[in-house]
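Trainee: So that we are looking at the same thing, I have put the structure below in structure tokens.
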Amino acid sequence: MTPHLLIRGGTPLTGEVWIDGMKNAALPILFALLLVREEVTLEGLPPVTDIETTLQILCKMGARLERISPTAIRIHTKNTDPDAVPLKWTTELRASSYLLGASLGRFGRAATGIPGGCDFGTRPLDQHFRLLETLGATVEQEHGILRATAPGGLHGKNVRLDFPSVGATVNGILAATLANGMTVIENAAREPHIVDLADFLNACGAEIVGAGTSSIRIRGVSKLHGTRYRIVPDMIEAGTYLCAVSATGGKMRLCGVCPEHLGAILPPLRKMGATITVSENHLTLERSGSLYGTVLETAPYPGFPTDMQPQFAPLLCMARGGGRIYERVWKKRFQYTKELEKMGANILLSNDFADFRGGDRLVGTQIHATDLRGGAAMLIAGLCAEGTTELCDVRHLERGYPNFVAKLTALGADISYVQN
Ligand code: EPU
């Protein structure tokens, strides 16, 4: 039986929420553990299914795992085997592509299933392959399996990405950390999760400079040592709760955040009517007046994140004057709008943008989470809708939002799991 969520909308959210560690930082760091042959303690791991799947993959490969708490582990990858990768599980995650860089770096060979994750149409890996091949690897795809080898070892080179791909930048860092010589990745992704991966590896003895800029220099080292490391807070989880309270109205204190990562998310929320005050590691948001429309355009960091655009959509549906979202990163990330239309939203889709008429009354009905962030948008829509919303395919949300039912309930939301 698949659990659904029942959301009875219309309650303004009020209270305090603690933000967990960032899923998209934790995933590359977990695969990076393969490069470290000593014990590592990781804190701030978000308790979500994508992290659990990754831990299971590492354990099947032979990692020794000790759980300290729901968000902390001790792990040792000394006796791991690249031929023991559970290929079926790797197809559940986009981040399993990180096995290529990590396993090549450690063992000189790698195998993984075709990486899965959210369905945004085709999700090519050409930038990953080009980067790994420049460093000396050969990558082949056969019968749904990606195999990479580097019998002559990996050698540092200069590589310029065509697009600042997060995944290709991660794979480049992973492959170059133990390679011979200096690798320079130009037009690299600048997301905070790239910085977190570099900070983690540097804490283990790597020599990586420039993470957070478009040019990352990695001087290969011969080995890494164990460390204790805390994953950075999740800016997308934070942004999602900020959208939720902006949408329902109410007042929230958000704790354990990095406000500097929210530089592109706070201005549109303010423009739409929220009052936000920022302190060192927490912020408060209040929205009691009208919601106003705006125009959003996604871009790689430090631009407005594609992983936040669906969560703004319910606000734009209800806002005076509506608005528009341009999607510049993923071609097919508006599939969730069909579900909003079932609730009464008026949305016009074009090739790379969506127009929201605004002033819509959202009404509860049965809707589906189409993907992780699309599911978050549906959750927010349900919290604002008149009547009861039944949200199906909740597994998408469970991949990336830790304890979201408990966190929303603590804010006063009327939301519960049901089996049917
Ligand atoms: N692209 C290529 N070729 C490549 C790689 C990417 O054409 O070799 C294209 C993609 O098709 C896409 C764009 O470049 O149009 C961006 O892709 P990128 O590689 O940056 O994305 P990713 O690494 O696959 C990560 C996050 C996504 C997030 C994007 C963009 C993880 C595990 N996933 O994906 O997160 O949307 O960066 O910021 O970190 C999510 O958390 O909901 C999520 C989808």
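Trainee: Quick check on region 107-119. Is at least one of its residues at pLDDT 95 or above, assigned to a helix (DSSP H, G or I), more than 16 Å from the ligand (Cβ to nearest atom) and not β-branched (V, I, T)?
Mentor: Within region 107-119, one or more residues are at pLDDT 95 or above, assigned to a helix (DSSP H, G or I), more than 16 Å from the ligand (Cβ to nearest atom) and not β-branched (V, I, T).
Trainee: Here are some residues: T370, T389. Which one is crowded, with 24+ Cβ neighbours inside 10 Å and either part of a strand (DSSP E or B) or of a type in the set (S, T, N, Q) (or both)? Write out each step before concluding.
Mentor: Numbers: T370 fails: crowded, with 24+ Cβ neighbours inside 10 Å.
Only one candidate passes the filter, namely T389.
Trainee: Looking at region 265-279, is at least one residue in the same structural domain as G105 (by TED's automatic domain parsing), within 15 Å of the ligand (Cβ to nearest atom) and crowded, with 20+ Cβ neighbours inside 10 Å? Spell out how you get there, then give the answer.
Mentor: Restricting attention to region 265-279, the residues satisfying the condition of being in the same structural domain as G105 (by TED's automatic domain parsing) are none.
There is no residue in region 265-279 that is in the same structural domain as G105 (by TED's automatic domain parsing), within 15 Å of the ligand (Cβ to nearest atom) and crowded, with 20+ Cβ neighbours inside 10 Å.
Yes or no, residue by residue, for (1) surrounded by 14 or more Cβ atoms within 10 Å (Cβ to Cβ); (2) in contact (Cβ under 8 Å) with a residue 24 or more places away in the chain; (3) part of a loop (DSSP other than H, G, I, E, B); (4) within 14 Å of the ligand (Cβ to nearest atom):
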{"position": "Q127", "(1), (2), (3), (4)": "yes, yes, no, yes"}
{"position": "R130", "(1), (2), (3), (4)": "yes, yes, no, yes"}
{"position": "E140", "(1), (2), (3), (4)": "no, no, no, no"}
{"position": "G153", "(1), (2), (3), (4)": "yes, yes, yes, no"}
{"position": "V159", "(1), (2), (3), (4)": "yes, yes, no, yes"}
{"position": "P164", "(1), (2), (3), (4)": "yes, yes, yes, yes"}
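Trainee: Related question: Name the one entry in V170, V184 that is assigned to a strand (DSSP E or B), open to solvent by less than 50 Å² (accessible area, probe 1.4 Å) and modelled with pLDDT of 95 or more. Working first, answer last.
Mentor: Numbers: V170 fails: assigned to a strand (DSSP E or B).
The conditions single out V184.
Trainee: Next up: Where the second residue is acidic (D, E) and assigned to a strand (DSSP E or B) and the first is outside the structural domain of K332 (by TED's automatic domain parsing) and open to solvent by 10 Å² or more (accessible area, probe 1.4 Å) and lies in region 90-119, which pairs have Cβ atoms under 9 Å and are six or more apart or on separate chains?
Mentor: From residues that are outside the structural domain of K332 (by TED's automatic domain parsing) and open to solvent by 10 Å² or more (accessible area, probe 1.4 Å), there are no pairs.
Trainee: Being among the polar types (S, T, N, Q), assigned by TED's automatic domain parsing to the domain that holds E16 and closer than 22 Å to E237 by Cα is the requirement here; does T370 meet it? Before you say what the answer is, go through the steps one by one.
Mentor: Details: among the polar types (S, T, N, Q): yes; assigned by TED's automatic domain parsing to the domain that holds E16: yes; closer than 22 Å to E237 by Cα: yes.
Criteria met by T370.
Trainee: Let me ask something else about it. Does G212 qualify as being crowded, with 19+ Cβ neighbours inside 10 Å, at pLDDT 95 or above and under 19 Å from the mean Cα position of the chain (by Cα)?
Mentor: Values: crowded, with 19+ Cβ neighbours inside 10 Å: no; at pLDDT 95 or above: yes; under 19 Å from the mean Cα position of the chain (by Cα): yes.
So G212 does not fit the description; no.
Trainee: Output the number of the condition that L42 fails; it satisfies all remaining conditions of (1) assigned to a helix (DSSP H, G or I); (2) within 21 Å of H193 (Cβ to Cβ).
Mentor: The one condition L42 does not meet is (1).
Trainee: Still on this structure, please answer the following. Could you check region 294-321 and list, in sequence order, the residues that are farther than 16 Å from G263 by Cβ and surrounded by fewer than 20 Cβ atoms within 10 Å (Cβ to Cβ)?
Mentor: Those that are farther than 16 Å from G263 by Cβ and surrounded by fewer than 20 Cβ atoms within 10 Å (Cβ to Cβ): V295, R320, G321.
The values are calculated or read from the model by the stated rules, or taken from the named source; none is laboratory data. The structure displayed is predicted, hence computed values, not measured ones. Backbone-built Cβ (ideal geometry, glycine too); neighbour counts: all protein chains shown. When the accessible area is computed, the model is the full protein with side chains, heavy atoms only, and any ligands, DNA or RNA have been set aside. Shrake-Rupley method; radii C 1.70, N 1.55, O 1.52, S 1.80 Å.
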